[in-house]
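Input: a single structure, listed below in structure tokens.
Values in this text are rule-based calculations from the coordinates and carry no lab data. Computed from a predicted structure; not experimentally measured. Here the Cβ positions follow ideal geometry from the backbone for every residue, glycine too, while neighbour counts run over all protein chains shown.
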């Protein structure tokens, strides 16, 4: 779920019922997810590095696209005056 939503940008919905709670520890994890958006020790260190690297490249490409858009907007505003 985290990988699909974070690295692939897919919208997801997490839905479960009380009958699906096998162990009450699961509620602690869900509470952590809802309150902070993070579940401690969910991924091993090397998996975290992979996810961070995937997100870093995606973030850089979005930042470049945003900067190009801002530059184009600035030019069009300047030429319209």
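Some notes on this structure:
- Taking every residue in the stretch 12-23 that is touching a residue at least 60 places away in the same chain (Cβ under 8 Å) and pairing it with any residue that is in a loop (DSSP other than H, G, I, E, B), at least 6 positions away or on another chain, yields no pair with a Cβ-Cβ distance below 8 Å.
- Residue in the stretch 40-53 that is under 18 Å from the mean Cα position of the chain (by Cα), in contact (Cβ under 8 Å) with a residue 24 or more places away in the chain, assigned to a helix (DSSP H, G or I) and surrounded by 10 or more Cβ atoms within 10 Å (Cβ to Cβ) present: yes
- Count of the stretch 4-36 residues which are over 29 Å from residue 55 (Cα atoms) and in a helix (DSSP H, G or I): 4
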